[in-house]
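Asks: If you scroll down you'll find the structure; I have some questions about it.
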Amino acid sequence: MFAPAELSEDGFLGGRLRIAQPKAGYRAAMDAVFLAAACDASAGQSVLELGCGAGVASLCLGARVARLRQTGLEVQPRYAALARANAQSNAMTLEVIEGDLAEMPADLRARSFDHIIANPPYFVPQSGTPATDREREHALREVTPLALWLDAGLRRLHPDGMVTLIQQADRLGDILIGLQGRAGAITVLPIAPRVGRPARRVIVQARKGARAPLELLAPLIVHGAPQHTRDAEDFSEIAHAILRDGQKLLIRR
């Protein structure tokens, strides 16, 4: 377990959720909130988050959609324990299973879900400067290949179930290769920091077994101002609605 002195308490969804996160380790931010907003789950459905960390995405989703049956899989024991504690402190239900998606726990292999969500590590091995914190490095640097994340998710989906993930834009090709022949009706939403700037992230959503063509959407713009302003949050209207008000991100017609 993390010691209390190692943690900070952070507000999400305009303060609706209070989430404990390690001060020096991996800290979820807006990507987890966008991921939760994009998941098209409805009341009574089941959702599995691969690599749930401290539980931010799952808890943001649960705050928006009532009566979900939510499960998180997390390989790092201290983060798994923290996700359970965060669910309890926010009076929400989240089953957290400790385990490696590359060697899926037997009880989880026997189950299937309506939705899979994931925010896989962004950085490939031997790229950039390693994080000094070992657990943060594990969360940021790809150990299990992205193809295995996709395979593990698709295997756990019901027929016609939906997989939703957020990833760096330069990994889009890898995602599409991993989905090829196994999921269709793929929707790609680029996320750009400002108007005229390249997209840094993509949200990709696909339906298992579908054959409908891919749809590339206009980018979601995070900040409304043309450049960074120190004294103002300057979120675009849609980003504010998602990040502060907990609204759903509509990426399908």
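The values are calculated or read from the model by the stated rules, or taken from the named source; none is laboratory data. The structure presented is a predicted model; accordingly, all values stated were derived computationally and were not measured. Virtual Cβ from ideal backbone geometry, glycine too; neighbours counted across all protein chains shown. Note: accessible area is taken over every heavy atom of the protein model, side chains too, but ligands, DNA and RNA are not part of it. Shrake-Rupley method; radii C 1.70, N 1.55, O 1.52, S 1.80 Å.
Asks: Of the conditions (1) closer than 23 Å to Ala38 by Cβ; (2) out of contact with any Ser or Thr (no Cβ under 8 Å at 6 or more places or on another chain); (3) open to solvent by less than 10 Å² (accessible area, probe 1.4 Å), Ala80 satisfies every one except a single condition; which number is it?
Replies: All conditions are met except number (1).
Asks: On the basis of being of a type in the set (S, T, N, Q) and either in a strand (DSSP E or B) or within 30 Å of Arg156 (Cα to Cα) (or both), does Gln227 make the cut?
Replies: no
Asks: Then there is this: Out of all the residues in the stretch 169-179, is one or more in contact with a His (Cβ under 8 Å, 6 or more places away or on another chain), open to solvent by less than 50 Å² (accessible area, probe 1.4 Å) and at pLDDT 95 or above?
Replies: Within the stretch 169-179, none of the residues are in contact with a His (Cβ under 8 Å, 6 or more places away or on another chain), open to solvent by less than 50 Å² (accessible area, probe 1.4 Å) and at pLDDT 95 or above.
Asks: Checking the conditions here, which among Arg18, Arg78, Arg27 is under 21 Å from Gln247 (Cβ atoms) and of a type outside the set (Gly, Ala, Ser)? So that I can check it myself, show each step before the final result.
Replies: Details: Arg78 fails: under 21 Å from Gln247 (Cβ atoms); Arg27 fails: under 21 Å from Gln247 (Cβ atoms).
Testing whether each residue is under 21 Å from Gln247 (Cβ atoms) and of a type outside the set (Gly, Ala, Ser) leaves just Arg18.
Asks: Of the conditions (1) more than 20 Å from the chain's Cα centre (by Cα); (2) open to solvent by 50 Å² or more (accessible area, probe 1.4 Å); (3) on the phi < 0 side of the Ramachandran plot; (4) at pLDDT below 95, Gly128 clears all except one; give me its number.
Replies: Every condition holds for Gly128 apart from (3).
Asks: Condition test on Arg244, is it open to solvent by 40 Å² or more (accessible area, probe 1.4 Å), touching a residue at least 60 places away in the same chain (Cβ under 8 Å), within 15 Å of Ala169 (Cβ to Cβ) and under 20 Å from the mean Cα position of the chain (by Cα)?
Replies: Here the answer is no, as Arg244 does not meet what is asked.
Asks: Need pairs with beta-carbon distance below 7 Å; first residue free of Cβ contacts under 8 Å to residues at least 60 places away in the same chain and within the stretch 56-68, second among the hydroxyl-bearing types (Ser, Thr, Tyr) and open to solvent by 20 Å² or more (accessible area, probe 1.4 Å); sequence gap 6+ or separate chains.
Replies: Once the first residue is free of Cβ contacts under 8 Å to residues at least 60 places away in the same chain and sits in the stretch 56-68, its partners that are among the hydroxyl-bearing types (Ser, Thr, Tyr) and open to solvent by 20 Å² or more (accessible area, probe 1.4 Å) give Val65/Ser42.
Asks: Going by the structure shown, is Ala43 without any contact (Cβ under 8 Å) to a residue 60 or more places away in the chain, of a type outside the set (D, E, K, R) and more than 14 Å from Asn90 (Cβ to Cβ)? Spell out the reasoning first.
Replies: Working: without any contact (Cβ under 8 Å) to a residue 60 or more places away in the chain: yes; of a type outside the set (D, E, K, R): yes; more than 14 Å from Asn90 (Cβ to Cβ): yes.
Judged against the criteria, Ala43 is a match.
Asks: Is it true that some residue in the stretch 194-208 is of a type outside the set (Val, Ile, Thr), out of contact with any helix residue (DSSP H, G or I) (no Cβ under 9 Å at 6 or more places or on another chain), assigned to a loop (DSSP other than H, G, I, E, B) and surrounded by 15 or more Cβ atoms within 10 Å (Cβ to Cβ)? Don't jump to the end; show me each part of the working.
Replies: Filtering the stretch 194-208 for residues of a type outside the set (Val, Ile, Thr) gives 194, 196-201, 205-208.
Okay, now just the ones that are also out of contact with any helix residue (DSSP H, G or I) (no Cβ under 9 Å at 6 or more places or on another chain), so 194, 196-197, 207.
Right, trim to assigned to a loop (DSSP other than H, G, I, E, B) and you get 194, 196-197.
Subsequent filtering for residues that are surrounded by 15 or more Cβ atoms within 10 Å (Cβ to Cβ) retains 194.
Yes.
Asks: What tally of residues in the stretch 154-168 results from selecting those that are open to solvent by less than 30 Å² (accessible area, probe 1.4 Å) and either within 16 Å of Leu216 (Cα to Cα) or assigned to a helix (DSSP H, G or I) (or both)?
Replies: Adding up the residues that qualify gives 5.
Asks: Also, quick follow-up: Could you name every one of the strands (runs of 3 or more DSSP E) located completely within the stretch 1-95 that has at least 2 residues being modelled with pLDDT of 95 or more and among the aliphatic types (A, V, I, L, M)?
Replies: Working: elements: 7-12, 17-22, 46-50, 69-74.
Filter on the stretch 1-95 gives 17-22, 46-50.
Asks: Taking the conditions exactly as written (more than 23 Å from Ala54 (Cα to Cα) and of a type in the set (Lys, Arg)), does Arg171 satisfy them or not?
Replies: Here the answer is yes, as Arg171 does meet what is asked.
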